[in-house]
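Engineer: Before we start, here is the structure in question, set down as structure tokens.
The values are calculated or read from the model by the stated rules, or taken from the named source; none is laboratory data. As the structure is a prediction and not an experimental result, all values here were calculated from the model. Positions of Cβ are generated from backbone atoms using ideal geometry, with glycine treated the same way; all protein chains shown enter the neighbour counts. Surface areas here come from the heavy atoms of the whole protein model, side chains and all, with no ligands, DNA or RNA. Shrake-Rupley method; radii C 1.70, N 1.55, O 1.52, S 1.80 Å.
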2 protein chains.
Amino acid sequence: MELAAFQDVIARTYADRDRERGIAAAVAWLAEEVGELAQAVRKGSLDQQRHEVADVLAWLTSIAIQLGVDLDDAAGRYADGCPRCGSIPCRCG
Amino acid sequence: MELAAFQDVIARTYADRDRERGIAAAVAWLAEEVGELAQAVRKGSLDQQRHEVADVLAWLTSIAIQLGVDLDDAAGRYADGCPRCGSIPCRCG
């Protein structure tokens, strides 16, 4: 799936509700989902871990939408490897 | 950019370093980056917000790689809209 297509489906699914709640609520939800992912990493099944990875990705995307950030543009920061040292693999000290 | 291509470039860039650090370190880095995104949402420029969205996405992807979670599979949870109510737009109460 393209990042742009994922952003589009999240926008069509949640944009109205997100607009009502505002971005501070989305940041709080993202934090909550990161907590759930942390727990799934520690003691969850692979299915639970996949579920929580998806939820973090979805909330991150909701925030990007509200900010007017294009997820595909953002991902471009890493498209050629490490943004700090510019190499693949990363050679940062 | 495809989610699979993003996961691939992150793996080639950081897999060796991530293996050395372990997944608990990646969870801590993700939490740190979410904090930076929260700050950028509150008072950052659009460029800073885009940068932090990218960093959260990259750390989430590093965790997925270490878990053996395919980001594209995970995104499938939202491909047909809200996973709870199954509709676009979401109609959850």
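Engineer: Before we move on, is A:Glu52 modelled with pLDDT under 95 and more than 7 Å from chain B (Cβ to nearest Cβ)?
Structural biologist: No.
Engineer: Is it the case that A:Gln48 is open to solvent by 20 Å² or more (accessible area, probe 1.4 Å), out of contact with any strand residue (DSSP E or B) (no Cβ under 9 Å at 6 or more places or on another chain) and in contact (Cβ under 8 Å) with a residue 60 or more places away in the chain?
Structural biologist: Spelling it out, it is not the case that A:Gln48 is open to solvent by 20 Å² or more (accessible area, probe 1.4 Å), out of contact with any strand residue (DSSP E or B) (no Cβ under 9 Å at 6 or more places or on another chain) and in contact (Cβ under 8 Å) with a residue 60 or more places away in the chain.
Engineer: Cβ-Cβ below 8 Å, separation at least six or inter-chain, first residue in segment B:13-30 and open to solvent by 60 Å² or more (accessible area, probe 1.4 Å), second of a type outside the set (Asp, Glu): which pairs?
Structural biologist: Correct list of pairs: B:Asp16/A:Pro89; B:Arg17/A:Pro89; B:Arg17/A:Cys90; B:Arg19/B:Gln66; B:Ala24/A:Val41; B:Trp29/B:Trp59; B:Trp29/B:Ser62.
Engineer: B:Ala40 fails exactly one of the following numbered conditions: (1) open to solvent by 70 Å² or more (accessible area, probe 1.4 Å); (2) without any contact (Cβ under 8 Å) to a residue 60 or more places away in the chain. What is the number of that condition?
Structural biologist: Against the list (1) open to solvent by 70 Å² or more (accessible area, probe 1.4 Å); (2) without any contact (Cβ under 8 Å) to a residue 60 or more places away in the chain, B:Ala40 comes up short only on (1).
Engineer: Here's another thing I want to ask about it. Consider B:Ile88 carefully, then state whether it is touching a residue at least 40 places away in the same chain (Cβ under 8 Å) and either among the hydrophobic types (A, V, I, L, M, F, W, C) or within 26 Å of A:Lys43 (Cβ to Cβ) (or both).
Structural biologist: Taking the combined requirement at face value, the residue does not satisfy it.
Engineer: Consider A:Glu33 against the criteria (1) among the charged types (D, E, K, R); (2) under 13 Å from the mean Cα position of the chain (by Cα); (3) open to solvent by 20 Å² or more (accessible area, probe 1.4 Å): it satisfies all of them except one. Which criterion is unmet?
Structural biologist: (3)
Engineer: Could you go through segment B:68-76 and let me know if any residue there is touching a residue at least 60 places away in the same chain (Cβ under 8 Å) and within 18 Å of A:Glu33 (Cβ to Cβ).
Structural biologist: yes
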